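Below is one structure, written out as structure tokens, with a few remarks after it.
Just so it is clear, none of the values below were taken in a lab; they were calculated from the coordinates. No experiment lies behind these values; they were computed from the predicted model shown. Note that each Cβ is placed from the backbone with ideal geometry, even for glycine, and that neighbours are counted across all protein chains shown.
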Amino acid sequence: MFSLEGITTNVQDWLLMKFNPTMALAIECVIVILLSISLFAILGLVLVLMERKVAAHIQIRLGPNRVGPGGMFQTVADTLKLIMKEGLTPDKADKFLFNLAPFVVMMVGMLLLAPIAFAKNFQIWDINIGVLYISSVSSLSVIGILMAGWASNNKYSLLGAMRSGAQIVSYELSAGFAVLTIVVLTGSLQISEIINAQQNGWWIFKGHIPAVIAFVLYIIAVTAETNRAPFDLAEAESELTAGFHTEYSGMRFALFFLAEYINIFIVCAIGATLFFGGWMPLHIGNWEAFNHLMDYIPSSVWFMGKTFFLIFLIMWFRWTFPRLRVDQLLNLEWKYLLPISLFNLLLVAVITILGWHF
Amino acid sequence: MTNEEIKEYITTLAPAATYDETGEWLNILVTAEELQPLMLALRNGKMQMNYLFCLTCVDFKTHLTMVYHLSATTHRQSIVIKANLNREQPVIETVCDIWRTAEFLEREVFEMFGVHFTNHPDLRKLILEDDFKGYPLRKDFEDPINMIKL
Amino acid sequence: MFLKEYITDVVTGVTSLLKGMRKTGYYFTHPKEIITEQYPDNRATLLMSDRFKGEVVMPHDANNEHTCTGCTACELACPNGTIKVVTKFETSPEGKKKKAIDALVYRLELCTMCNLCIVACPSDAIKMAPNFEHSVFDRTKLTKVLNQPGSKIREGIE
Amino acid sequence: MYNQTEIIKDTSELGADGELVINMGPQHPATHGVLHLVVTLNGETIKKIEPHLGYIHRSIEKMCESLTYRQFIYVTSRMDYLSSHINNLGCALLVEKGMQIEVPDRAKYVRVILSELTRIASHELWLGAMAMDLGAFTPFFYAFREREMITDIMEDTCGARLTMNYIVPGGLMYDLHPDFQKKVKAFITQFKSKVTEYEDLVTNNVIFQSRTKGVGILSAEDAISYGCTGPVARASGVSCDIRKIYPYEVYDKVQFDEVLETAGDSFARYMVRVKEMNQSIRIIEQLIDNIPEGDFVGKTKNVLKLPKGEFYTRVETARGEFGVYVVSEGGTTPHRIKFRSPGFSNLSVLNHISVGSKIGDLMASMGTLDLVIPDIDR
């Protein structure tokens, strides 16, 4: 049966056969870098198109349908346009930080790819503190946004960046707590272990009430963390024109744009891993025949399917809800999400100790 | 209140007022000096004219006339107060401390007719650019560049 | 009680959000509700209202005749100086001099489609056409002469 | 490599005490046109708002001084372009009042029906745009779907979608389209079935409510003092509906309620407009089957000359009281014409209701004031 696992093992065996181990590692690194960059490019194109199509259908429109069949190449055309455009740097901007910021945001996205399991045994780096790594690295993206807002020397940008700072720092908390729920249930921080623990059922089913609550909290928190509507205060179009990236144009704007979608993909991938078993097929208790049938679907399809379902959910939010105000945003976190997460953590601890989950 | 009663009432406040009843509402012409105290009395006195729904100026070539349309939300009676102004030096006291809406309306009249409102808190141009010369709504305004004569 | 209020708050809030999501979800799954008009692909089937005020035209019949007498009523009625009637004197076969139009100049770029000229016209010589695709590459092309070259006034119109 | 002074030297441009002065507009997504607000901020809190107007000032009042009484009506469509029909009606009423022109019943009925359709169309657009200001993009398209039906009706009957110019002194420019009644009824059915969508998506939405409730509170006294009219004043409990107080055309023959709210905040202004749409539907339902047969335009002279004197009419547009003040010297053109536009007064209250609130609140209060910039600038 075709599997990504087979390919990786074959490649590694071949490399080790031809070169010494250091060289092989270096070549592997290069391959991984190339793969992740191309994944970024493809994801960017697909997700932007998906967003536009989802938005269009929710808004009783057709969406892009002129470039290529069904508008498939619309984002390619857009990218081409953005590459051709002149990347302006405002006169009084802090040029070094201004140019650095999009790359910082982008790099955070790339770093986060490392511990994600795309398919069975297809993972860049199965670090044993995977979840901790994710939650610590993902909070770095705020630095890029603050950098962009400050260096633009634009008041709208500054306001947007400051909002974003307050927002991401506070929503880190409940996202972290939601993730901790699963860590408590699994008893491990390692991504592969978390997935393996869902062999006989996903955590969202096995962990019942606390897992569902944690999932809802997680989705809300990551929507806020990725600056998506209804929490898109950092760019709040109708208030701050475009927030922290007001002054960006051309490819540097495209990087911000891309980073937004990459971040969505990553948080959804993590959500899928934690709550829906990552690449793990849907297994129900002792139904051997059913479980066996499910195993025939490749693990990468399972992973992508779950991730894209969550991405759709986040897009659905965006095109339904109005935006919150900045103080209401913080109220929501500190008065609602955080107490509920704390309570939920307590609940899950009790359930785990008593073994009440399946 | 009938028009006669209003006339009586206003004569006590502004003895020099003249009246004109040909239009839809009672028109009261007062001098520029006695306008502000009269307005204050109309707003706070027994008439309770709390709604200034139109404030404008008319250029009659010989003089400017300030026109104030007043009404009350309680008894819905409308009157019109007018004051003639000298065309060269149009000065009148502001009413924007009585009705807040007058602040913007007087700024508009200021730039369009050149009427100077004393005691106005913020008498600047509202619509035209700051270095605009002339008063566009006066009859003798000529702008050969922007105005196209058909 | 505080806790009860808190929980009611959360529940009503979440319910209201879910209701909105149900509505948008309904439209997402019902592509039949899409209202996009695919202009210009649907140009062949696009139905304009017959009264639509797109531009002023002067209808000519098969003999290249119109009914405009050159009375300048439309020119007077127009608020923007869009229409200019240029008249000339024609000599009829009997030797009688008669006023007729040389050109009815219509400047589309000044027109506000107010329809006052059509209402003013005593002989129904001009009307509004439902044509809305007016873009041209040169502004001078917007100045049109409405009477066709060689056209003349129909017999019996005074 | 990194030079800090480049940025620090700019602080001299800031206001006192770290105040931040930002120019909102004339190109800004939320000002819906070329409104320019100079907003003084302290952090996120608004300290002062100063509107700078005139970006599309066309001096319509001066233009009208050189147009005849038949011609000047079309210009008023260009002021409040969302209720252009009602503006036209106000001007036509003034000419009819000044010259004592009899208007046939049929014209009166049609004028009122079209006015109410215009009002619904305007409120629909406002609803979509307002939701968009608050970050919800989808209701805009749902609202436009219904509005599109109205513009189609307008296009059929008046020949234009926005600047109708369907009214002439004495009646209508031409008769109704044969399909008019059928289409209006179809619209009413569609509207009634879809109006719950706005409730699900906007009105009952917890985020929308928290964004608008208690935001931009305007008291009744201030509303009167600032000359606010229309839904803005009615949301503060000021009864100011011209259709009720000084009924024109056939408004005295139809049953409808003046929608009043007492809270005076953005949510109340929102509710007033939403309920007003239902009242407009009610008016149309009463009239649509009873349009009398007969002439659509009364007998008028060819050249209209208003007698010497002063004339004032007011009508209730979608935004409030629209007044026309004409000083006539007896000629064919007005000597002086003044349009009392509702948006101008409603804008003047913006600073008052927004001071002390957040930038996000400014969008809510500005959105619910329903500003149309050409109406303000004239």
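Worth a mention:
- A Förster distance of 30 Å, applied to the separation of the beta-carbon atoms of A:Leu354 and A:Ala289, puts the FRET efficiency at 0.35.
- Plainly put, segment B:31-86 has a radius of gyration that is 1.02 times its Kirkwood radius, both from alpha-carbon atoms, as the Rg/Rh ratio.
- If you wrap the tightest convex hull around every Cα atom of segment D:320-360 and split its volume per residue, you get 84 Å³.
- Net charge of Cβ neighbours under 12 Å - reference B:Val58; Lys, Arg +1; Asp, Glu -1: +2
- On Cα atoms only, tilt of D:266-288 relative to the major axis of chain D in degrees: 10 degrees
- Measuring between alpha carbons in the structure, the pairs from C:Lys53/D:Lys108; C:Lys98/C:Lys152; C:Lys32/D:Lys182 lying more than 18 angstrom apart are C:Lys53/D:Lys108; C:Lys32/D:Lys182.
- Ratio Rg/Rh, restricted to segment A:270-357 and using Cα atoms, in which Rh is the Kirkwood radius: 1.11
- Here A:Lys92 is the anchor, and the lysines within straight C-alpha reach of less than 29 Å, apart from those fewer than 8 places off in the same chain, are A:Lys81, A:Lys155, D:Lys9, D:Lys47, D:Lys48, D:Lys358.
- For segment B:8-129, the fraction of C-alpha pairs more than 25 angstrom apart is 18%.
- Under the criterion of Cα pairs below 8 Å and six or more residues apart, the relative contact order for segment D:197-244 equals 23 percent.
- Take the Cα of C:Thr45, step 7 Å toward its Cβ, do the same at D:Glu102, and the gap between the two points is 5.0 nm.
- Here is what passes the span test in chain A: the DSSP H helices with alpha carbon length of 27 Å or more along the helix axis and a Kyte-Doolittle mean of 0.5 or above are A:21-58, A:95-113, A:155-186, A:250-276, A:299-318.
- Taking the Cα centre of segment D:113-226 as reference, the dipole from Cβ charges on Lys and Arg (+1) and Asp and Glu (-1) amounts to some 180 debye.
- Here segment C:1-156 is described by how far its Cα atoms reach on the three principal axes: 103, 34, 32 Å, from widest to narrowest.
- Centre separation in Å (Cα based) which lies between segment A:119-197 and segment D:120-162: 41 Å
- Among A:Asp13, B:Asp20, the order by Cβ neighbours within 10 angstrom, fewest to most, reads A:Asp13, B:Asp20.
- Computed from Cα atoms, the angle from the helix D:105-133 axis to the main principal axis of chain D rounds to 10 degrees.
- Kirkwood-type radius of the protein assembly as shown, with distances r between different C-alpha atoms, in Å: 32.9 Å
- Positive-end residue of D:Gly171, D:Ile281, D:Phe339, charge dipole of chain D with Cβ unit charges: D:Gly171
- Ranked by how many other Cβ atoms sit within 10 Å of their own Cβ, fewest first, the residues A:Cys29, C:Cys68, D:Cys64 fall in the order A:Cys29, C:Cys68, D:Cys64.
- Charge dipole of the protein assembly as shown about the Cα centre (unit charges at C-beta), most positive-ward option of D:Met99, C:Tyr106, A:Ala269: C:Tyr106
- For chain C, a Gaussian network of Cα nodes joined below 10 Å ranks C:Glu133, C:Glu109, C:Glu37 by mean-square fluctuation, and the top entry is C:Glu37.
- Based on the reciprocal of the average 1/r between different C-alpha atoms, the Kirkwood radius for chain A equals 21.6 Å.
- The label-point distance for B:His116 and A:Tyr296, in a model that sets each label 7 Å from Cα toward Cβ, rounds to 9.5 nm.
- Relative contact order (%) - criterion: Cα under 8 Å, at least six apart; region: segment C:55-153: 40 percent
- About its Cα centre, the dipole of chain A is roughly 640 debye, where the only charges are +1 on Lys and Arg Cβ and -1 on Asp and Glu Cβ.
- Simple spin-label estimate for D:Val355 and A:Leu88 in nanometres, 7 Å along Cα-Cβ: 3.6 nm
- Taking amide H atoms as placed 1.01 Å from N in the peptide plane, the amide H of A:His283 lies under 5 Å from those of A:Gly201, A:Trp202, each 5 or more residues away in sequence or on another chain.
- Sequence-distant residues sharing a close amide H with B:Cys57 (under 5 Å, placed H): B:Val67
- Rg to Rh quotient for segment A:167-293, alpha carbon positions, Kirkwood Rh: 1.10
- Percent breakdown of C-alpha pair distances by 10 Å bin, ordered from the shortest bin, for segment A:136-186: 25, 40, 22, 11, 3
- In segment A:217-318, taking the dipole from charged Cβ atoms about the Cα centre, the farthest positive-side position among A:Phe303, A:Ile314, A:Thr226 is held by A:Phe303.
- Note on segment D:59-377: Cα-only Rg and Dmax are 19.2, 59 Å.
- Alpha carbon centroid spacing (whole Å) that separates segment A:1-77 from segment D:275-293: 58 Å
- Euclidean distance of C-alpha centroids, segment C:102-146 and segment B:76-93, integer Å: 45 Å
- Within the protein assembly as shown: Cβ-based charge dipole about Cα centre, in debye rounded to nearest 20 (Lys, Arg +1; Asp, Glu -1): 1440 debye
- Chain D, relative contact order [Cα under 8 Å, separation at least 6], %: 25 percent
- Ordering B:His116, B:His69, B:His75 from the fewest to the most neighbouring beta carbons within 10 Å gives B:His75, B:His116, B:His69.
- Cα-based equivalent ellipsoid of segment D:66-163: semi-axis lengths in Å, sorted from largest, via gyration tensor: 30, 15, 11
- With at most 14 other Cβ atoms within 10 Å, longest stretch of chain B clear of loop GluC sites (Glu not before Pro) (DSSP): B:25-87
- Cα long-axis angle, helix D:84-99 against chain D (0 to 90 degrees, to the nearest 10): 50 degrees
- FRET efficiency, 1/(1 + (r/R0)^6) with R0 56 Å, evaluated for C:Asn64 and D:Thr262 via beta carbons: 0.20
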